[in-house]
Amino acid sequence: EAQVTQNPRYLITVTGKKLTVTCSQNMNHEYMSWYRQDPGLGLRQIYYSMNVEVTDKGDVPEGYKVSRKEKRNFPLILESPSPNQTSLYFCASSLIGKETQYFGPGTRLLVL
Amino acid sequence: AQRVTQPEKLLSVFKGAPVELKCNYSYSGSPELFWYVQYSRQRLQLLLRHISRESIKGFTADLNKGETSFHLKKPFAQEEDSAMYYCALRVNSNSGYALNFGKGTSLLVTP
């Protein structure tokens, strides 16, 4: 089944403890992206990647890192999480030139 | 910078009534716009894109470059249309493109 998966789905952590949220897609999509969704702010793009080893900042990249070593995976790294990064995170992927983005199920993160 | 504006946080209509969800954008390039929908407890999914000029689930959206708008319309709303709707603009960058989403409009269709 073609899909985007994220792990974990729910995570509670403490300030400063490094964490990684994984994202994987099995559709051979070149484009992958991370968003955070917050009440009243909608979806905001954190980082995106056009292909392996090609990443770029979105609107809210501060406090996040990404890597794209393989086409199928696009992990989101929070080196030192802070409470303002408490949010619902979505990963998405698409073919270049076909902007229909396929979204993952979301990861709900709580930073205490 | 927010390039997509959805002025209504919440829109409530009766079943069978027409519905219009507003979206305005600002962009110096040639705009490509999309509507995404998120039903309760489901993932975001593409509803329609302006390039294809299609009608999905009875919804249509026309790009009006003069008014810089891409409003989503349906002549007769159904209860199953209740969802969160996001307008999105493709923004080109040096390395490719990003998608800029509006803050979303929650549509509630009541019987």
Full extension between B:Thr68 and B:Ser40 adds, at 0.36 nm per residue less the Cα distance, a length in nm of 7.1 nm
Charge dipole magnitude, Cβ of K and R +1, D and E -1 - the protein assembly as shown, Cα centre, debye nearest 20: 320
Antiparallel content of DSSP bridges confined to the protein assembly as shown, in %, to 5: 90
With a cap of 14 neighbouring Cβ atoms within 10 Å, and only residues DSSP puts in a loop, list the trypsin sites (Lys or Arg not before Pro) found in region B:49-91. B:Arg53, B:Lys57, B:Lys65
What FRET efficiency would be calculated for the residue pair A:Glu62, B:Tyr27, taking the C-beta separation as r and a Förster radius of 35 Å, to the nearest 0.05? 0.90
Chain A, relative contact order in percent, only Cα pairs under 8 angstrom and at least six apart counted: 36
In peptide B:91-98, how many Cβ atoms from other protein chains are near each Cβ within 10 Å, on average? 5
Whole-Å semi-axes of the ellipsoid equivalent to region A:25-112 (Cα gyration tensor, √5λ, descending): 22, 14, 11
Sorting B:Pro75, B:Ser93, B:Ser106 by the position of each Cα along the dipole of region B:67-111 (Lys, Arg +1; Asp, Glu -1; all at Cβ), the one nearest the positive end of that ordering is B:Ser93
How about B:Lys57: which aspartates and glutamates have a C-alpha closer than 18 Å to its C-alpha, ignoring those fewer than 8 places off in the same chain? B:Glu20, B:Glu79, B:Glu80, B:Asp81
What is the antiparallel percent of DSSP beta bridges lying wholly in region A:2-112, to the nearest 5? 90
Taking loop as defined by DSSP and a crowding limit of 12 other beta carbons within 10 Å, which GluC sites (Glu not before Pro) in region A:60-112 fit? A:Glu62, A:Glu70, A:Glu79
C-alpha center-to-center spacing [region A:19-80, region B:29-85] in angstrom: 24
Highest GNM mean-square fluctuation, chain A, Cα pairs closer than 10 Å: which of A:Ile12, A:Ile46, A:Ile77? A:Ile12
Shielding of A:29-36 by partner chains, average beta-carbon count, 10 Å: 1
Could you pull out which residues in region A:7-41 have an amide N less than 14 Å from a spot 7 Å beyond the Cα of B:Ser106, following the Cα-Cβ vector? A:38-41
Considering only the other residues whose Cβ falls under 14 Å of the Cβ of A:Arg68, what net charge follows from Lys and Arg at +1 and Asp and Glu at -1? +1
Compute the Cα gyration tensor for chain B, then decide on rounded, prolate or oblate, letting a ≥ b ≥ c be the square roots of its eigenvalues: rounded whenever a/c is under 1.5, prolate when a/b is larger than b/c in the other cases, and oblate in all that remain. prolate
Which whole number gives the average, over all residues in A:38-48, of C-beta atoms from other chains lying within 10 Å of the residue C-beta? 5
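Bear in mind that the values in this text are calculations on the coordinates, not laboratory data. Everything quoted here is computed from the prediction, not taken from an experiment. Positions of Cβ are generated from backbone atoms using ideal geometry, with glycine treated the same way; all protein chains shown enter the neighbour counts.
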